[in-house]
Amino acid sequence: MTASKSTSAPNFETILSPALLPLYSLHGKTVVIIDILRATSSICVGFHSGVSLFHPVAHPDQALALEKEGFIGAAERNGKKLDGFSLGNSPFDYLSSHLKNKKVAITTTNGTRCLHLSYEADEIIIGSFLNLKAVAAYCKHKNQDVIAFCAGWKDKFNLEDTLFAGALANSLSADFTIECDSTLAAIDLYSNAKNNLSSYIKKASHAQRFERFGIEHDIDFCMQNSIYDFVPRMVGDNLVI
Ligand code: MLT
């Protein structure tokens, strides 16, 4: 007989695209921002390299302006680093000792937009396969309703973010109430792919885009499981660990 969940178990919901955000309430919930390829993965790499904070901005010109205040500007649009910036959105841009104690002003096509859209949440944290176990432990310990927020691609559904939402929900299924069809579908997607995640994700549209750009090695890096044990979270307007 399986242990029955407490009736007060927190809920786990999944937003499959920012376009669906108006259908959900973020109040009183922990929102996990998910942009596996590559914003949330690269942000975790940056913190591993010693970045002191990430300041998400909406426009590249804001990132450039902050360079005058000692920030390092990072900008990506449509999967490519913008001219004039030393950092884009590849995890390999952030594997550098030169980033220790640096502040990074970052803007990406989808990921930083989701951070800004989540302002009503009780707390905003960063999820990636790179810190999956740490995010699961954080959510379990906090015991608060969770919304997995998939950044997708320009409001379209994408496989990799939903896969992560399914992996996270699957690891929390004993402690959370899961009645959200998006989450149930994400869990099934993850169950279908979990034994060969990296090869599964190679068929995703974003992965195909990366292959055309010759940066498929970014995919393998971002699909590593739980190599970091921290959870970046928003404090004020900045991400810190
Ligand atoms: C994003 O933030 O939109 C994605 O990570 C785009 C990318 O890095 O290719």
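Listing for the model above:
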item	result
Any hit, segment 70-78, residues being surrounded by fewer than 18 Cβ atoms within 10 Å (Cβ to Cβ) and within 16 Å of the ligand (Cβ to nearest atom)	yes
Output for segment 20-68, where each listed residue is charged (D, E, K, R), more than 16 Å from SER86 (Cα to Cα) and either part of a strand (DSSP E or B) or more than 15 Å from the chain's Cα centre (by Cα) (or both)	LYS29
Top-ranked residue in segment 33-56 [being surrounded by fewer than 24 Cβ atoms within 10 Å (Cβ to Cβ) and under 17 Å from GLY236 (Cα atoms); ranked as farthest from the ligand (Cβ to nearest atom)]	SER52
Candidates ALA65, ALA19, filtered to the one that is within 16 Å of the ligand (Cβ to nearest atom) and at pLDDT 95 or above	ALA19
Qualifying positions in segment 231-241 - surrounded by fewer than 16 Cβ atoms within 10 Å (Cβ to Cβ) and among the hydrophobic types (A, V, I, L, M, F, W, C)	VAL235, VAL240
Which listed residue is under 20 Å from CYS222 (Cα atoms), away from the ligand (no atom under 16 Å from the Cβ) and among the aliphatic types (A, V, I, L, M), from LEU115, LEU132	LEU132
Residue in segment 210-230 that is in contact with a strand residue (DSSP E or B) (Cβ under 9 Å, 6 or more places away or on another chain) and at pLDDT 90 or above present	no
Listing of helices (runs of 4 or more DSSP H) fully contained in segment 123-202 that carry 2 or more residues being closer than 23 Å to MET234 by Cα and not aliphatic (A, V, I, L, M)	132-142, 159-172
Residue identified as more than 22 Å from THR112 (Cα to Cα) and either out of contact with any Lys or Arg (no Cβ under 9 Å at 6 or more places or on another chain) or not polar (S, T, N, Q) (or both) among LEU172, LEU168, LEU159	LEU172
Total residues in segment 138-172, condition in contact (Cβ under 8 Å) with a residue 60 or more places away in the chain and surrounded by fewer than 19 Cβ atoms within 10 Å (Cβ to Cβ)	6
Scope segment 58-107; condition acidic (Asp, Glu), touching a strand residue (DSSP E or B) at 6+ places or on another chain (Cβ under 6 Å) and over 26 Å from ILE227 (Cβ atoms); matching residues	GLU67
Given (1) away from the ligand (no atom under 16 Å from the Cβ); (2) within 30 Å of LYS140 (Cα to Cα); (3) more than 17 Å from the chain's Cα centre (by Cα), index of the condition LEU95 fails	(1)
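Table: residues versus (1) exposed (fewer than 15 other Cβ atoms within 10 Å of the Cβ); (2) away from the ligand (no atom under 12 Å from the Cβ); (3) without any contact (Cβ under 8 Å) to a residue 40 or more places away in the chain.
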site	(1), (2), (3)
LEU189	no, yes, yes
ASN192	yes, yes, yes
ASN196	yes, yes, yes
LYS202	no, yes, yes
HIS206	no, no, no
PHE210	no, no, no
ILE219	no, no, no
GLN224	no, yes, no
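The values are calculated or read from the model by the stated rules, or taken from the named source; none is laboratory data. Remember, predicted model here, so these are calculated numbers, not experimental data. Every residue, glycine among them, receives a Cβ derived from its backbone with ideal geometry; neighbour counts consider all protein chains shown.
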